[in-house]
Amino acid sequence: MKAPLRLRYQTIEFANVDIHVCTLRDNQQFDDPNDVALKLGISSATWPLFGIIWPSSMVLAHYMAVHETEGKRILEIGCGMALSSLLLNQRHDDITATDYHPEVGFFLERNTQLNQGKAIGYQRLDWADKTSDLGMFDMIIGSDLLYEDEHINLLADFIHKHSHATCEVILVDPGRGRKNKFSRRMEAHGFSYSHTKPEHTDYLERPFKGHILRFWRGDVQIWPSAPKP
């Protein structure tokens, strides 16, 4: 008899806001009895990766906690446990989340209820979807998205498709070696960019070796940042 999924409940602090999350206990958990994920190309080895809060997700959420978002329509892509979406939802931002994994929607609803927040708009889709009705956004965010070389063009083109002429994009990359190629693809879509190290990551157990990738086009007010690498 297969053991049930083991879950973990934790509270993550952001200044004066606490975010409560239910996640998988660890990346050894697995539950796909009807092969729903397998049919989507998600193997048993990668199935649990959505269900853990990774360092890049923490870096993104802490960055967004002090970033200007008022009045903007925001999209979190590849949201996983959607920590940033939950945080932005608590301050009543207009946030929508997406992911490809079939279990993300369930955990998003559960965690939204844990935080007593309003329902967060969610769609399960992949970046190659040509029929998405997500619409257009003023800001797009995400963390640890560039797993494979094929993701470079797919992700950049997806962002371009769903971003207004004036748009800001904030991605956190842990150092998978694809940020420069991705940035050049974004530049082809009319975005300027910078790569910066997060200033403070004492909330992480280990030093963070990645970067915050920032992209903008149109009349976007950008905070001071480092020059292009």
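The values are calculated or read from the model by the stated rules, or taken from the named source; none is laboratory data. From a predicted model like this one, the values you see are computed outputs, not experimental measurements. No Cβ is skipped: glycine too gets one built from the backbone with ideal geometry, and neighbour counts run over all protein chains shown. In case anyone asks, the SASA skips ligands and DNA or RNA and just uses the protein heavy atoms, side chains included. Shrake-Rupley method; radii C 1.70, N 1.55, O 1.52, S 1.80 Å.
Across q = 0.10, 0.11, 0.24, 0.25 Å⁻¹, the stretch 97-196 modelled as identical point scatterers on its alpha-carbon atoms has Debye log10 I(q)/I(0) values of -0.31, -0.37, -1.39, -1.45, in the order of the q list. Remark: for residue pairs Lys39/Lys197; Lys72/Lys130; Lys161/Lys181; Lys72/Lys118; Lys181/Lys209; Lys130/Lys179, the C-alpha separation exceeds 26 Å in Lys39/Lys197.
Give, rounded to the nearest 20 debye, the magnitude of the charge dipole that the chain has about its Cα centre when Lys and Arg contribute +1 at Cβ and Asp and Glu contribute -1 at Cβ.
Using Cβ point charges on Lys, Arg, Asp and Glu, the chain gives about 400 debye.
The chain: D in µm²/s via Stokes-Einstein (Kirkwood Rh, Cα pairs, 4 °C, 1.567 mPa s)?
Values: Rh = 18.1 Å.
D, rounded to a whole number, is 72 µm²/s.
In the chain, the DSSP-assigned H stretches of four residues or longer account for a calculated mean residue ellipticity at 222 nm of -7000 deg cm²/dmol, using -39500 (n - 2.57) per stretch and the full residue count as denominator.
Which of the listed residues, Met139, Asn153, Cys167, is farthest toward the dipole's positive end in the stretch 127-184, when Lys, Arg count +1 and Asp, Glu count -1 at the beta-carbon? So the residue furthest toward the plus end is Asn153. Along the axis of the charge dipole computed for the chain (Cβ charges of +1 for Lys and Arg, -1 for Asp and Glu, origin at the Cα centre), the listed residues Leu108, Asn180, Ile212 are led at the positive end by Asn180.
Mean-square fluctuations from a GNM of the chain, with a 10 angstrom spring cutoff on Cα atoms, peak among Leu87, Leu75, Leu125 at Leu125. Note on the chain: antiparallel DSSP beta bridges, both residues inside, total approximately 55 percent of the bridges counted.
Once the 1.4 Å probe is applied to the protein heavy atoms, the stretch 78-132 comes out at 45 Å² accessible per residue. Summing charges over neighbours of Asp99, with a neighbour being any other residue whose Cβ is under 15 Å away from its Cβ, gives -4 when K and R count +1 and D and E count -1.
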